[in-house]
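Participant: Pasting a structure below so you can have a look.
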Amino acid sequence: MSGSVVLLHLAGAVALMLFATRMVKTGVERAYGDVLRLKLRGTMKNPLLAVLAGTALAIALQSSTAVTLLVGSFAGAGIVSGMAGQLAVRGAEIGSALVVKLLTFDLSLIVPICLITGTIMFMATERRDWRQIGRILIGVALLLLSLEMIGQASEPLRESELLPVIIDYFKGDPVTAYLLAALATWLFQSSIAAVLLMTTLAGRGFIPPELGIVLILGVNLGSSIIAPLLTRNAEPAVRVVPVGNLLMRGLGSLVMLALFLSFKPPVTFLGSTGPNQIVNAHILFNVIILLAGLPLAGLVYNVSRKIVALGAKNAPADAFQVTELSALNEAALNVPSQALGNATREVVRVCETVEIMLKRVIDLYEQADEDKIRALAALDDRVDQKHAAIKLYLAKVTKNSLTEDEALRCQELIGACVKLEQVGDIIVRNMLPLVRKKMERGLEFTPEGWRELTAFHASVLANARLAFNVLVSSDAETARQIVEEKDRLRDREKQTSQAHFLRLRDGSPNSIETSTIHLDTIRDLKQINSLLASIAYPVLEKRGLLSDSRLRAS
C-alpha cells in the first residue's frame with residue numbers, strides 16, 4: 001500500500017474520531033445540557049463539590065473545553081465566583097483524562113451493541129430525549145470504531161523507512177514535538193481526540209513512551225489555549241476562568257516539560273505498556289495541576305483578572321462596540337420576497353433577545369439585585385421597539401400584490417412577533433415582581449421545589465429554541481415535536497403542583513412561604529411555553545397536520 005493511501009486511510013479514521021466525539025457531546029448537550037448546567041451551578045459554592053461537578057460534567061460532555069466555557073459564562077453572569085470556577089475547570093481536566101483512560105480498554109464488543117441499540121432508539125421513536133440517547137450511543141460506537149480504524153490504517157507504517165527517521169528527529173528535538181502536539185490539539189479542538197490518537201499509535205509501537213509524555217504535555221498546552229481563543233471577544237468577566245486555566249495548565253505543562261527533560265525520570269512506574277504510560281501520565285499531570293491549584297486558586301484568580309483587565313484597557317475603544325443595524329430595509333418594500341426575508345431576520349433578533357430574557361430570569365430567582373432586574377426590564381423595552389417596527393414594516397409590505405404564500409408568511413411573522421412581545425411582558429410584568437418579592441422577603445425555595453422549577457424552566461427554554469428554529473426553517477417534524485412537548489409539559493405541571501401541595505400538607509415552612517411564588521412561576525412558564533408553541537401551528541396547518549387544536553394521528 002502506497003504512503004499516500006495509508007495517510008488517506010489514517011486521515012479518514014481521525015476524521016471519524018473527531019466527528020464521533022462531537023456527536024456524543026452534542027447528544028449529551030441536547031438531552032441533558034440544561035439539567036447539567038443547573039446541577040453544576042448548584043454545587044459551585046463548595047470547593048470540593050466544584051471539582052467533582054467539573055469532573056462529572058467533563059465526562060458527560062466529553063470535553064473539558066465545553067466545561068471551561070460554561071463555567072466562564074457562569075462567572076461572567078455573577079452566578080459563581082471566579083475561584084470556584086477555576087476549581088471546577090481543574091476537575092474537568094481530570095474528567096477529560098478519565099474518559100481517555102476508559103476508552104483505552106478493549107471495548108470492541110460494545111460497538112455493535114451501541115450501534116444496534118442507538119439506531120433503534122433514534123429511529124423507532126419521536127421522543128427527543130430517547131433520540132438523543134440513541135445519538136450518544138451511536139457516537140460512542142463510532143468513536144470506538146475509529147480507534148480500531150486508526151490502528152488498522154497505521155499498521156503499514158511499521159514497514160516505513162521514513163517513520164523511524166521522523167521519530168528519531170522528534171526524540172532529539174522534544175520542544176518541537178511539544179509544540180506540534182499543542183498545534184494538533186488546537187486543530188482538533190479536543191484533548192481527548194489528541195490523546196486517543198497518540199495512545200493508539202503508541203500501541204502500535206510508533207511512539208516511544210518518553211516521546212509520548214512530551215507529546216502529552218503539548219496536548220495539555222494546546223487544550224488550555226482553545227477556551228481563551230474562543231472567548232477572546234467576550235466580556236472581561238467571562239474571560240477570567242479560561243485565562244486562569246491557561247495560566248495553570250499551560251504554564252504547568254511548560255514547567256513539567258522542563259523538569260522532565262532535565263531529570264529524565266524513568267517512566268516504567270506509569271505502567272507496563274506504552275499506551276498505559278501515556279494515558280497515566282496525562283491523568284497524573286492533571287492531578288498535579290489540581291493539587292497545585294487548590295492553594296494557588298486565589299493567586300491565579302487575581303492574576304487572571306489583572307491580565308484580562310490589562311487586555312481590555314489596551315484594546316481600541318471601539319474594538320467590541322458593534323452598532324446594531326436594522327434589517328428592515330425600506331428600499332426592499334417593493335420586492336415582497338426580499339422584504340419578508342428582511343422581516344424574518346429582524347424577528348430572529350427578537351427571538352434572540354427573548355431567549356436571553358428567559359435564560360436570565362431563572363437566575364434572578366436564585367441571586368437577584370436591582371441592577372440585574374433593571375437590565376432585564378430594559379431588554380423588554382428593546383423587544384417592544386422592534387415589535388412595533390416590524391409590524392409597521394410588514395403593514396407596508398401588504399400594500400403590494402402578494403402571492404398566497406407571501407401573504408401567509410407575512411401573517412406568520414406578525415403572529416410570531418406578537419407572541420414574542422407577550423412572552424417579554426410575562427417575564428417583566430409577572431415574573432420579575434415575583435423575583436422582587438422573594439428578594440425583599442428573603443425567601444428560599446425548598447431543594448425539591450427549586451429542582452422542580454429549574455427543570456420545568458429548562459424544558460420551556462429547550463422548547464423555545466425549537467420554536468425559534470421552526471420560525472426560520474418551517475420544518476414540520478420539529479413543529480410536531482413542539483406541540484407534543486406542550487402536551488407533556490401540561491402533564492408535568494400537574495405533577496409539579498401535586499408534589500408542591502404534598503409538601504404544603506406536610507407543613508414544610510419554606511414551601512408555605514414560597515407557595516404563591518412557586519405556583520405563579522410554573523403558571524407563567526406554562527403560558528410562555530404555550531405562546532411559543534403556537535408559533536409552530538401555521539407550519540402544521542399548511543401540511544394538514546392539525547385537526548382543530550389537536551395533532552392528527554401519524
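Participant: Cβ contacts < 7 Å: first residue touching a residue at least 40 places away in the same chain (Cβ under 8 Å), restricted to the range 143-165; second residue open to solvent by less than 60 Å² (accessible area, probe 1.4 Å) and hydroxyl-bearing (Ser, Thr, Tyr), any location; separation 6+ or different chain. Result?
Facilitator: What qualifies is Leu143/Thr21; Leu147/Thr200; Ile150/Thr200; Gly151/Thr200.
Participant: Which ones in the range 163-185 are under 20 Å from Ser224 (Cβ atoms) and buried (at least 19 other Cβ atoms within 10 Å of the Cβ)?
Facilitator: Passing the criteria: Pro174, Ala177, Tyr178, Ala181, Ala182, Thr185.
Participant: Follow-up question, since we're still on this one. With the checklist (1) modelled with pLDDT of 80 or more; (2) surrounded by fewer than 24 Cβ atoms within 10 Å (Cβ to Cβ) in hand, flag the one item Ala92 doesn't pass.
Facilitator: Tallying (1) modelled with pLDDT of 80 or more; (2) surrounded by fewer than 24 Cβ atoms within 10 Å (Cβ to Cβ), Ala92 fails exactly one: (2).
Participant: From the residues in the range 253-291 that are of a type outside the set (Gly, Ala, Ser) and within 14 Å of Leu221 (Cα to Cα), which one is surrounded by the most Cβ atoms within 10 Å (Cβ to Cβ)?
Facilitator: Taking the candidates together, the pick is His282.
Participant: Considering the range 455-476 alone, what residues qualify as being touching a residue at least 40 places away in the same chain (Cβ under 8 Å), farther than 26 Å from Leu519 by Cα and in a helix (DSSP H, G or I)?
Facilitator: Scanning the range 455-476 gives Phe468, Val470, Leu471, Val472, Ala476.
Participant: Restricting the search to the range 224-252, which residues are within 16 Å of Val287 (Cα to Cα) and open to solvent by less than 30 Å² (accessible area, probe 1.4 Å)?
Facilitator: Correct list: Ser224, Asn245, Met248, Arg249, Gly250, Gly252.
Participant: Would you check which residues across the range 125-169 are acidic (Asp, Glu), modelled with pLDDT of 80 or more and over 24 Å from Ser190 (Cβ atoms) and list them?
Facilitator: Once the filter is applied, which keeps residues that are acidic (Asp, Glu), modelled with pLDDT of 80 or more and over 24 Å from Ser190 (Cβ atoms), the range 125-169 yields only Asp168.
Participant: What about Asp129, is it acidic (Asp, Glu), without any contact (Cβ under 8 Å) to a residue 60 or more places away in the chain and in a helix (DSSP H, G or I)?
Facilitator: The answer is no for Asp129.
Participant: What's the number of the condition Lys45 fails, among (1) under 16 Å from the mean Cα position of the chain (by Cα); (2) at pLDDT below 75; (3) of a type outside the set (A, V, I, L, M)?
Facilitator: For Lys45, the failing item is (1).
Participant: Mind counting the residues in the range 88-118 that are of a type outside the set (Val, Ile, Thr) and more than 30 Å from Ala297 (Cα to Cα)?
Facilitator: 10
Participant: Now a separate question. Please determine, by comparing only the residues of the range 186-210 that are farther than 14 Å from His282 by Cα and open to solvent by 70 Å² or more (accessible area, probe 1.4 Å), which one is nearest to the chain's Cα centre (by Cα).
Facilitator: Gln189
Participant: Restricting to the range 446-494, name every residue that is within 23 Å of Val361 (Cα to Cα) and of a type in the set (S, T, N, Q).
Facilitator: Once the filter is applied, which keeps residues that are within 23 Å of Val361 (Cα to Cα) and of a type in the set (S, T, N, Q), the range 446-494 yields Thr446, Thr454, Ser459, Asn463, Asn469.
Participant: Here's something else I'd like to know. Which condition breaks for Val67 when tested against (1) open to solvent by less than 20 Å² (accessible area, probe 1.4 Å); (2) closer than 21 Å to Arg22 by Cβ; (3) under 19 Å from the mean Cα position of the chain (by Cα); (4) at pLDDT 85 or above?
Facilitator: The single condition Val67 does not satisfy is (4).
Participant: For the range 373-404, give me each residue that is under 27 Å from the mean Cα position of the chain (by Cα) and touching a residue at least 60 places away in the same chain (Cβ under 8 Å).
Facilitator: Matches in the range 373-404: Ile373 only.
Participant: Please verify whether Arg480 is among the charged types (D, E, K, R), open to solvent by 60 Å² or more (accessible area, probe 1.4 Å), assigned to a helix (DSSP H, G or I) and closer than 28 Å to His387 by Cβ, treating the condition exactly as stated.
Facilitator: Against the criterion (among the charged types (D, E, K, R), open to solvent by 60 Å² or more (accessible area, probe 1.4 Å), assigned to a helix (DSSP H, G or I) and closer than 28 Å to His387 by Cβ), Arg480 does not qualify.
The values are calculated or read from the model by the stated rules, or taken from the named source; none is laboratory data. Note that the structure is predicted; figures quoted are calculated from it, not measured. Heads up, the Cβs are rebuilt from the backbone with ideal geometry, glycines too, and the neighbour counts pull from every protein chain shown. These accessible areas exclude ligands, DNA and RNA; they are computed on the full protein's heavy atoms, side chains included. Shrake-Rupley method; radii C 1.70, N 1.55, O 1.52, S 1.80 Å.
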